[in-house]
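What follows is one structure encoded as structure tokens, with my remarks underneath.
The values are calculated or read from the model by the stated rules, or taken from the named source; none is laboratory data. The structure presented is a predicted model; accordingly, all values stated were derived computationally and were not measured. Cβ placement follows ideal geometry from the backbone for every residue including glycine, while neighbour counts extend to all protein chains displayed. Remember, those area values only see protein heavy atoms, side chains included, never the ligands or the DNA or RNA. Shrake-Rupley method; radii C 1.70, N 1.55, O 1.52, S 1.80 Å.
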Amino acid sequence: LGLACCLQAARGVPNWNTIVGDGSNGVIDGFGVASGMNVAKVNSPNSMVLRESENQLFFTEQTGAVVRRINLNNYNVSTIAGSNGAGAQADGPLRDARFSSNLGQMDWEDAAKTVLLLCDENNFNIRRLDLVNNNVTTILGSRTGLSDFVDGVGIITRFTRPRSLVVDSTNGFMYIADSQVVRRSRIGDWNISTFVGKDQNEATTKDGFLRNVEFGGTIDTIELVGDYLYVAITSQLHGRIVRIDLSNGNTTSVISTENADQFYRDGTSLEARIAPVFDMAYDDTRNDLYLAETDSRSIRKLDLNNLNVSTVAGGQNCGPLYTTCTEGFSDGIARAALYSNVESLVYDSQRLHLYSGEDNSSSNVGNRIRVGYLPTNSLAPTSLSPATASPTSCSPTTFHPTSVS
């Protein structure tokens, strides 16, 4: 198996391995399975961010109402904010704070990665977690669980479904996906305004500019790529992806499948069919956008160089309807890896790792965090057998070839 991993890695094919979780449901701190001690448990990991300087991964738990951290040097998991199952609304010190039992996605406010901004979906607000000063505050939206659609400053603002957010640190903005619109606030003054999207109840789709755009469905996640914001929408049970030019608000469809007769197919952006996408991760090494598809049990890839869609993990036995896709668990190479409900993704450009989080599933194969090592096409053995041009052994940690015949 080690040699097989090595050969695949040298050709640019990902290998997937579980680091935390074993399918059982729980919020238990301790060392993950990758450490050799299967103690830590997770409960529907829903959003992930990295602090690369310390090799740490932070994640929310959708039903656990907590924010947790993995030390990727030893796979030790610890809870840093909230309390397991104590869904509520309370600001204060990190562990005393309370969140709803449906946490959305998060991003770093600052370049130093000491402050997290978090969508608290069922509390209809945005929370700010200061990891240095050990404090949680509500900066946007209701502190008493009120839902509405109101632009404004701070806690006067109202949300209907704050599911996803990203921070544009270059220009000082935060973008928030709220049901069927994208809203925007400058970091620090917390003055929210609706940026793109007509209103919250549009059933039709229309590209265009700013408030004339009709998304035609619920926005599940957004991802910042340079000067563009990619938006994933669930429309008529299909997945759909559009791109917003942040310089002028011009919105264009990238993958538009809402009227298609199929739900799952690789190919060009015109040919491809995707299930609803619950998270995206940008790979700046290759200019790829990875897509987490819960219903197709897969991780897909949108190549932004040529707009081609391919499957990089899972998605086995998917026919035209993604309901036929195989749900299960197995680590392995590329599509040989089986997945359940893929909910979250994050890419580490320093180490060429893609991390994925899986929701709880009816067959008890989810509740895991996995990592895929994604070597670039330029990675190759340092020396080769003249006869076979193949490596003969691998590093067990990185799957890089280490020696040849």
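Give, as a single signed number, the net charge of other residues whose beta carbon lies under 9 Å from the beta carbon of LEU117, with Lys and Arg counted +1 and Asp and Glu -1.
Working: positive: ARG127, ARG128; negative: ASP107, GLU109.
Value of the local net charge: 0.
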Given the options THR79, THR160, THR114, state which has the largest fluctuation in a GNM of the chain using a 10 Å cut-off (strictly under) for Cα springs.
-> THR114
In sequence order, calculated HN-Hα J values of segment 138-147 (Karplus, 6.51, -1.76, 1.60; Hz; x Gly/Pro) = 8, 9, 9, x, 5, 8, 10, x, 8, 10
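Put ASP91, ASP178, ASP107 in order of accessible area, largest first, 1.4 Å probe: what do you get? Present the calculation step by step, with values, prior to reporting the outcome.
On the way: ASP91 60, ASP178 0, ASP107 35 Å².
From most accessible down to least: ASP91, ASP107, ASP178.
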Relative contact order of the chain, defined on C-alpha pairs under 8 angstrom at six or more residues apart (%) = 15 percent
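For segment 28-287, which whole percent of the accessible surface, found with a 1.4 angstrom probe, sits on carbon and sulfur atoms?
Values: 4390 of 9470 Å².
That fraction is 46 percent.
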Just going by the charge dipole of segment 176-222, with Lys and Arg at +1 and Asp and Glu at -1 on Cβ, which of SER185, THR204, ILE222 is farthest out on the positive end?
-> SER185
Choice from ALA337, ALA40, ALA111 with maximal GNM fluctuation in the chain (Cα, 10 Å cutoff) | ALA111
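Just to confirm a number: summing +1 for Lys and Arg and -1 for Asp and Glu over residues other than ALA177 whose beta-carbon lies under 9 angstrom from that of ALA177, what do you get? Show your work: numbers first, answer last.
Values: positive: ARG161, ARG163, ARG183; negative: ASP178, ASP220.
Residues close to ALA177 contribute a combined charge of +1.
Give me the accessible area per residue for segment 54-122, probe 1.4 Å, as a whole number in Å².
31 Å²
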For ASN46, the residues 5 or more places away or on another chain with a placed amide H closer than 5 Å to its own amide H are THR60, GLU61, GLN62
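Placing +1 at every Lys and Arg Cβ and -1 at every Asp and Glu Cβ, with all other atoms neutral, what dipole size does the chain have around its Cα centre, in debye to the nearest 20? Each step should come with its number before you reach the end.
Details: 32 positive and 43 negative charges, 81 e Å.
It works out to roughly 380 debye.
Is it possible to state the helix-based mean residue ellipticity at 222 nm for the chain, with each DSSP H run of 4+ residues giving -39500 (n - 2.57), the sum divided by total residues, to the nearest 500 deg cm²/dmol? What is it? Display every interim value, and only then the final one.
Numbers: 1 runs with 9 residues, N = 405.
Computed mean residue ellipticity for the chain: -500 deg cm²/dmol.
Which length gain, in nm to one decimal place, applies between ASN73 and SER53 when the Cα-Cα distance is subtracted from 0.36 nm times their residue separation? Intermediate results must be reported in sequence, preceding the final value.
Values: separation 20, 0.36 × 20 = 7.20 nm, distance 1.16 nm.
Once the chain is fully extended between ASN73 and SER53, it gains 6.0 nm.
Around MET106, what is the net charge, scoring Lys/Arg as +1 and Asp/Glu as -1 over all other residues with Cβ under 14 Å from its Cβ? Provide the component values of the computation, followed by the final result.
Details: positive: ARG51, ARG68, ARG69, LYS113, ARG127, ARG128, ARG163; negative: GLU61, ASP107, GLU109, ASP110, ASP120, GLU121, ASP130, GLU223, ASP279, GLU343.
Surrounding charge for MET106 is -3.
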Nonlocal Lys pairs with alpha-carbon distance under 28 Å, the chain (8 or more apart, or different chains) | 4
